[in-house]
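Only the coordinates and a few stated rules stand behind these numbers; no lab work does. Because the structure is predicted, anything quoted here is derived from the model rather than measured. Heads up, the Cβs are rebuilt from the backbone with ideal geometry, glycines too, and the neighbour counts pull from every protein chain shown.
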Amino acid sequence: MSAKLEIALHEVSVRRADHWALHEITLRLRGGERWALIGGNGAGKTQLLKLLATDVWPTPSGREQVVYKLGNRRLDRRSAKRHIAYLGAERQDKYARYAWNLRVRDLIATGIHGTDLLLDVVTPAQRRRVTALLRACSLTSLASRGFLSLSYGQKRVALLARALAARPQWLLLDEFYNGLDRRYRARIDAILERTRRAGQSWVVAAHRASDVPPGTTHLMELHEGRLIETRRYERADTMRLARDAREGPQAPMRFHKAKRGKRLLRLAHVDLYVDYRPVLRDVNWELRRGEQWAITGANGAGKSSFLKLIYGDLSPALGGRVERAGLRPGTPIAAWKRRVGLVSPELQTDYSAGVEVLELVASGRYASIGLVDPPTPQDRRAAARWLAFFELSALARRKARELSYGQLRRALIARALCAEPRLLLLDEPLTGLDPRGRAAIKRFLQQLMKRGVTLIIAVHHPEDLPTGITHGLYLHKRRAIAIDSDSAN
C-alpha cells in the first residue's frame, strides 16, 4: 500500500497587513481523511487552505511548525506541493484577467506539468491521462474549446479535471460550488465520489450544506482566525448548515404586486451572440420603474450575458433593439452606465489587484475599474457612506486583495450604489457570503427597493432572493420566458 501524505501544523499564525488572518493554528490531517472547513467571511478559511498548499507561509514566531510526512519520510515544501492541489476562485479569475484562452485539453495538461500555461510537449502517456480525465469528467466534446468560451459550470469542471491531472493526495477546494446549479453540483459530487473510492483526501471550504461533498468525514471550524473545533462530521452538521443557509425543499417563488411606473428599458426582437455562439433568441421584454425582477436558469442559460446586454457591455445582433429611457440613439453607452449599478463575478476578478477598498467603492461614481485621478472629497464622502451602510468602514484602507471573498462582494455592491443608481443589476450577489452576510445583504436590498431602486437579480438559489420580487424571467434553451408564482420552478 502506498504511503499517504500527512500534514501537521503547530502554533501557526499568518499576518496579513495590519491583522492576523490565522492565529496559533494547531491541526493534524491524516491521509484518507476528508474535511469540511466552515466559518464566516473573514474567518481565515482561504488563508488556511493556502497555508496547507504551501502557497502561504507562517509569520515567524519561533514556535511555529509545519510538517509534511509521506509515511516516515519528511518532505520539504517543494516536494510536498507536488502532492497537493489547491483550487480557489482566483484560479478561474486568473485566466479571465490575463485572457489565457487555452484549449480544454491543454488546460488539463498544465495540471500535470504544474504550470499556468502549456510550456512543455505533452508525452503520449500524459495525453492518455488527459483523455481519460476528459472522459471521466464528461468534457470530451469540449476538448478543443477555448476555456474562456465555456459556461461557468463547464469552467469549474474543467478546472477540477486540471487539479486531478497531477494525481494529488490532497485536494483543497475553496468555496468550489459557488455559482453552480444543482446539475453541476451533482456532476462534481459524482467526480469526487470516484476519487474518494480511490482514496482521495480533501479539505473543502463551505457555507452551505450542499457545498459539502458526500463522503466527508471530518469538520473543522474557524472563527476570526482561530481554530475553534475539529471533530468527526455528522449528519447533524449537514442539518445545521442547511438550517443556517435556509436550504430546504425548493418552493415556488412568490411575487409581490408592482406599481408599474414609466418604462426604463425595452428589448425588441433581440438575438444575442457571445464569441459567435448564440446565447438568446428573439427576446422581447420590458422593464418599468417599480418592478423587481429575478432572473433564473441553469449554468450556461445566459443569465450573466442578459445582464451584460442590459448594462451595455454586449450588443444585440443586427435587427434587435435595446431602448433605454432618456438616451437618444447615438448617445455614448457610458452615459447609461453611470445611471446603472452592476455587480458581477467579472468585477470581482478585475478588483483582485491592490486598489484600496475606499477607492474601489468610489470608482462606482464613474462606472470605471479603479480611479484615474485621486478621489475627490465628494467621492470620499459617498464611498464612506456606503461603506458604513455595508458595515465595511473598518476595511476602507485595506487592499482589495486582502479582503475575504465575501467581504469583497459586499464592497462591490457598495461600489454599485456609490453613484446613487435607480437601476441595480446583480449577478449572483450572495455568492461567497456566509449565512449572516447573506441575511444582511438581503435586508439591505429590501431597504433599497423601498427607496425606489429597481433590482434585476440573477440567482441559482431562490432562498437568496430578498422579499419584494415582483417578476421572474426564466432563461432556457436560448429563450426568455416570463414566469409567475404558479409556473416558477
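Extension gain, ARG82-GLN446: 0.36 nm per intervening residue step, less the Cα-Cα distance, totals 126.3 nm.
Straight-line cross-link reach from LYS4 at under 26 Å between alpha-carbon atoms covers these lysines, not counting any fewer than eight positions away in the same chain: LYS45, LYS50, LYS69, LYS81. Listed by chain and number, the lysines whose alpha-carbon sits under 28 Å from that of LYS262, ignoring those within fewer than 8 places in the same chain, are LYS303, LYS308, LYS337, LYS442, LYS450.
Could you give the longest part of the chain that holds none of the chymotrypsin sites (Phe, Trp or Tyr not before Pro) found in DSSP loops with at most 12 neighbouring Cβ atoms within 10 Å? Longest gap between qualifying sites, sites excluded: 277-489.
Once a ≥ b ≥ c are taken as the square roots of the eigenvalues of the Cα gyration tensor of segment 191-337, is the result rounded (a/c under 1.5), prolate (a/b larger than b/c) or oblate (a/b not larger than b/c)? Prolate, since a/c reaches 1.5 and a/b exceeds b/c. Panel order for ASP275, ASP313, ASP427, ASP181, by other beta carbons found within 10 Å of each beta carbon, from fewest to most: ASP275, ASP313, ASP181, ASP427. P(r) tail for segment 5-245: Cα pairs beyond 24 Å make up 46% of the total. Near the amide H of LEU314, within less than 5 Å, lie the amide hydrogens of LEU309, all on another chain or at least 5 residues away, with H placed in the peptide plane. Multiplying the residue separation of GLN378 and ALA317 by 0.36 nm and subtracting their alpha-carbon distance yields 18.0 nm.
Apply 1/(1 + (r/R0)^6) to the Cβ-Cβ distance of ASP55 and ARG30, taking R0 = 22 Å, and write down the FRET efficiency to the nearest 0.05. So the FRET efficiency works out to roughly 0.55.
Karplus-based coupling profile of segment 325-335, in residue order and whole Hz: 4, x, 10, 6, x, x, 5, x, 4, 4, 5, with θ = phi - 60° in 6.51 cos²θ - 1.76 cosθ + 1.60 and x standing for Gly or Pro.
How many percent of DSSP beta bridges within segment 263-483 run antiparallel, rounded to 5?
55 percent
Sequence-distant contacts, meaning Cα pairs under 8 Å at least 6 residues apart, place the relative contact order of the chain at 17 percent. Here LYS477 is the anchor, and the aspartates and glutamates within straight C-alpha reach of less than 14 Å, apart from those fewer than 8 places off in the same chain, are ASP271, ASP282. Were the residues from ASP120 through THR331 laid out at 0.36 nm apart, the gain over their Cα-Cα distance would be 71.0 nm. If only the Cβ of Lys and Arg carry +1 and only the Cβ of Asp and Glu carry -1, the dipole of segment 142-297 around its Cα centre is close to 620 debye.
How charged is the neighbourhood of SER149? Take every other residue with its Cβ under 13 Å from the Cβ of SER149, and add Lys/Arg as +1 and Asp/Glu as -1.
Net of charged neighbours comes to +3.
Classification of segment 347-452 by its C-alpha gyration tensor yields an oblate form. The axis ratio a/c (a ≥ b ≥ c) is 1.5 or more, and b/c is at least a/b.
What shape does segment 51-174 take by its C-alpha gyration tensor, where a ≥ b ≥ c are the square roots of the eigenvalues and a/c under 1.5 counts as rounded, a/b above b/c as prolate, and the rest as oblate? It is prolate, given that a/c is not under 1.5 and a/b is the larger ratio. For segment 26-106, trypsin sites (Lys or Arg not before Pro) meeting the loop criterion (DSSP other than H, G, I, E, B) and having at most 11 other Cβ atoms within 10 Å: ARG63.
For the chain, no complete DSSP H run has alpha carbons reaching 24 Å or more along its own long axis together with a mean Kyte-Doolittle score of 0.0 or higher.
Tell me, what is the FRET efficiency for ARG226 and ARG135 to the nearest 0.05, using R0 = 35 angstrom and their Cβ-Cβ distance as r? Efficiency, rounded to the nearest 0.05: 0.20.
Applied to segment 279-292, the Karplus parametrisation 6.51 cos²θ - 1.76 cosθ + 1.60 on θ = phi - 60° returns per-residue 3J(HN,Hα) values of 10, 9, 10, 6, 7, 10, 7, 9, 10, 10, 4, x, 8, 10 Hz, with x for Gly and Pro.
Percent of alpha carbon pairs in segment 263-483 separated by more than 34 Å?
11 percent
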